Amino acid sequence: MAMAGLGTEAQLKDPDYFPPLARAVPLGVQHVLSMFVSNVTPAIIVAGAAGFGFGTPGVGELVYMIQMSMLFAGVATLLQTIGIGPVGARLPIVQGTSFAFLPVMIPLVAGKGVDAMAVVTGGVLAGGLFHAVLATFIGKLRFALPPLVTGLVVLMIGLALVKVGIQYAAGGVPAIGTPEYGSLQNWFVALVVVVVTLGLKFFTHGLLSLGAVLIGLIVGYLAALAMGMVSFANVGAAGWVMIPEPFHFGLDFTVSAVLGFCLMGVISAIETVGDVSGICKGGAGREADTREITGATYADGFGSALAGVFGALPNTSFSQNVGLIAITGVMSRHVVTIGALFLILCGLVPKVGAVISTVPIEVLGGGVIVMFGMVCASGVSMLADVDWDRRAMVIFGVSLSVGLGLQLEPAALQHLPETPRILLTSGLLPAAGLAIVLNLVLPSPLTEDQTEELSGGMAGHARD
């Protein structure tokens with residue numbers, strides 16, 4: 001339902017309509033707040049996996065990554081809303097740092113420190129440019145990625161990350177092996193975040209419900225502050241203006257990073273197509289046209305490549321903002337442009353990143369548990385659209401078994417060269433690859449006698 005005083009019904013469905021500024025600004029900021037936590041979380045996770053996150057001497061590099069996450073989410077969003085030539089959908093699409101690439105990035109940087117970020121920069125740059133090239137034929141790839149495949153991919157992303165949430169809630173990777181890891185105090189502040197987030201999400205409406213994760217983190221932060229778990233040392237040392245530095249972490253191209261980011265670029269591109277379709281359907285009641293889909297994919301790719309140049313992580317369209325447009329009924333791209341400018345402003349002020357870096361890892365863990373759980377749930381929701389015949393069950397079962405198994409037991413591939421080992425132990429890439437190949441080559445349908453033995457009598461029953 002549209003909000004009163006914003007414009008006529010026809011105006012609200014028009015991406016080019018500019019609502020009154022007094023209404024447009026809070027709506028734009030609302031778009032940013034609904035994705036703010038998700039946007040900076042990947043940088044924190046990658047830095048933590050590399051070993052220069054919270055509580056380390058390299059926390060200044062983490063602050064830089066947080067700043068770049070905000071800055072280039074804003075820049076990539078402007079590419080979508082304003083556009084340059086064929087680049088950009090000219091729709092209210094909010095870009096942000098993607099969770100999808102985390103299963104690929106974590107093995108690349110694990111325990112290698114700041115030096116490992118040069119390889120990530122090379123991967124982000126190459127993958128972003130490849131992603132942009134996909135725009136020319138993105139429509140032709142959709143046949144290979146039905147809900148069975150895309151749902152499995154999203155589920156695998158969530159499953160790859162749920163361990164991170166538990167580790168953070170217990171005290172973070174640096175605390176593993178110490179008495180503090182898993183202490184009652186750590187779990188208390190994490191659970192405060194979980195409880196407040198779920199309470200707001202299910203028992204309130206409007207802005208409180210939309211901002212549940214952010215508000216939950218603030219309440220958890222206040223609880224941690226009261227318990228003496230917060231240090232402001234980094235805030236005082238941080239400057240007021242940060243100039244982005246090209247190739248801040250250096251530049252290094254490895255086969256594993258380039259291949260991993262390019263393969264994930266295909267998944268990210270398909271996700272963007274879905275978001276563009278959702279925005280047009282939910283906000284304007286129409287289907288997205290070819291120019292909008294192509295332009296959005298170009299912006300996705302070039303936005304990621306540009307982010308990579310300055311040490312940020314890959315960008316993608318944020319699905320939670322699709323729901324926000326459907327709720328507010330405001331289709332104006334100019335509203336999201338205002339939100340993008342707010343993100344850019346935050347990205348240029350290091351004090352903002354420094355304040356974010358004061359959030360205890362346990363507080364973030366509570367938010368991450370909810371967020372990554374919801375990623376898993378989104379995958380299951382997509383899988384609900386699958387016609388679960390025996391063929392689908394075999395494809396899903398084998399792909400999940402191999403992907404999740406390799407992720408849980410990476411030492412099983414210790415004799416492989418580094419490139420295939422990193423790609424396969426991500427779990428996500430082998431699961432997605434297997435599902436795509438099996439979906440294309442397995443005959444349809446498979447009969448009961450072909451699958452009953454595989455499942456030990458648990459092959460299920462065909463739908464009526």
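Filtering the stretch 178-187 for residues that are touching a residue at least 40 places away in the same chain (Cβ under 8 Å), over 26 Å from the mean Cα position of the chain (by Cα) and over 18 Å from Pro107 (Cβ atoms) leaves a non-empty set. Looking across the stretch 92-134, not a single residue is under 19 Å from Met156 (Cβ atoms) and charged (D, E, K, R).
Summed over the stretch 112-135, the residues that are farther than 14 Å from Gly265 by Cα, in contact with a Phe, Trp or Tyr (Cβ under 9 Å, 6 or more places away or on another chain) and not in a helix (DSSP H, G or I) give a count of 1. Do we have any residue at all in the stretch 96-107 that's within 19 Å of Gly301 (Cα to Cα), part of a loop (DSSP other than H, G, I, E, B), hydroxyl-bearing (Ser, Thr, Tyr) and touching a residue at least 12 places away in the same chain (Cβ under 8 Å)? Within the stretch 96-107, one or more residues are within 19 Å of Gly301 (Cα to Cα), part of a loop (DSSP other than H, G, I, E, B), hydroxyl-bearing (Ser, Thr, Tyr) and touching a residue at least 12 places away in the same chain (Cβ under 8 Å). Within the stretch 70-95, residues that are touching a residue at least 12 places away in the same chain (Cβ under 8 Å) sit with their Cβ atoms under 8 Å from residues that are surrounded by fewer than 24 Cβ atoms within 10 Å (Cβ to Cβ) and hydroxyl-bearing (Ser, Thr, Tyr), at 6+ positions apart or across chains, in these pairs: Thr77/Thr337; Leu78/Thr337; Thr81/Thr337; Ile82/Thr337; Pro86/Thr294. Counting residues in the stretch 366-385 that are more than 30 Å from Val46 (Cβ to Cβ) and not acidic (Asp, Glu) gives one or more. Condition check for Gly274 on (1) touching a helix residue (DSSP H, G or I) at 6+ places or on another chain (Cβ under 6 Å); (2) open to solvent by 30 Å² or more (accessible area, probe 1.4 Å); (3) in a helix (DSSP H, G or I); (4) modelled with pLDDT under 85: one failure, at (1).
Conditions tested, residue by residue: (1) surrounded by fewer than 17 Cβ atoms within 10 Å (Cβ to Cβ); (2) in a helix (DSSP H, G or I); (3) touching a strand residue (DSSP E or B) at 6+ places or on another chain (Cβ under 8 Å); (4) of a type in the set (Gly, Ala, Ser).
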{"residue": "Met331", "(1), (2), (3), (4)": "no, no, no, no"}
{"residue": "Val336", "(1), (2), (3), (4)": "no, yes, no, no"}
{"residue": "Glu362", "(1), (2), (3), (4)": "no, yes, no, no"}
{"residue": "Val368", "(1), (2), (3), (4)": "no, yes, no, no"}
{"residue": "Met371", "(1), (2), (3), (4)": "no, yes, no, no"}
{"residue": "Ala377", "(1), (2), (3), (4)": "yes, yes, no, yes"}
{"residue": "Trp388", "(1), (2), (3), (4)": "yes, no, no, no"}
{"residue": "Ala392", "(1), (2), (3), (4)": "no, yes, no, yes"}
{"residue": "Ile395", "(1), (2), (3), (4)": "no, yes, no, no"}
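No other residue among Val241, Val230, Val255 is open to solvent by less than 70 Å² (accessible area, probe 1.4 Å) and not charged (D, E, K, R) apart from Val230.
Residues in the stretch 201-231 that are in contact with a helix residue (DSSP H, G or I) (Cβ under 7 Å, 6 or more places away or on another chain) and β-branched (Val, Ile, Thr): 4 in all.
Among the residues of the stretch 35-51, is any outside any helix (DSSP H, G or I) and closer than 20 Å to Glu362 by Cβ? Spell out the reasoning first.
We begin by selecting, within the stretch 35-51, every residue outside any helix (DSSP H, G or I); these are 51.
Those left that are additionally closer than 20 Å to Glu362 by Cβ: 51.
Looking for residues that are outside any helix (DSSP H, G or I) and closer than 20 Å to Glu362 by Cβ, one finds at least one in the stretch 35-51, hence yes.
Among the residues of the stretch 28-63, those identified as of a type in the set (Ser, Thr, Tyr) and in contact with a Phe, Trp or Tyr (Cβ under 9 Å, 6 or more places away or on another chain) are Ser34, Ser38, Thr41. Against the conditions (1) assigned to a loop (DSSP other than H, G, I, E, B); (2) touching a residue at least 40 places away in the same chain (Cβ under 8 Å), Gly228 satisfies every one except (2).
Condition check for Leu129 on (1) open to solvent by 40 Å² or more (accessible area, probe 1.4 Å); (2) at pLDDT 85 or above; (3) farther than 30 Å from Asp252 by Cα: one failure, at (3). Checking Val94, Val104, Val75, Val87 one by one, the residue that is modelled with pLDDT under 90, crowded, with 19+ Cβ neighbours inside 10 Å and farther than 21 Å from Leu263 by Cβ is Val94 and no other.
If you check Val153 against the conditions, is it of a type outside the set (Gly, Ala, Ser) and within 23 Å of Gly216 (Cβ to Cβ)? Taking the combined requirement at face value, the residue does not satisfy it. Residues of the stretch 297-313 that are open to solvent by less than 10 Å² (accessible area, probe 1.4 Å) and closer than 20 Å to Gly83 by Cα: Thr297, Ala299, Asp300, Gly301, Gly303, Ser304, Ala305, Ala307, Gly308. Farther than 30 Å from Ile395 by Cα, basic (Lys, Arg) and either open to solvent by less than 60 Å² (accessible area, probe 1.4 Å) or in a helix (DSSP H, G or I) (or both): is that true of Lys163 in this structure? In short, no.
The values are calculated or read from the model by the stated rules, or taken from the named source; none is laboratory data. Here the structure is a predicted model, which means the values were calculated and not measured. Glycine gets a Cβ as well: all are built from the backbone with ideal geometry, and neighbour counts include every protein chain shown. Each accessible area value is taken on the protein alone, full model and side chains, heavy atoms only, with ligands, DNA and RNA left out. Shrake-Rupley method; radii C 1.70, N 1.55, O 1.52, S 1.80 Å.
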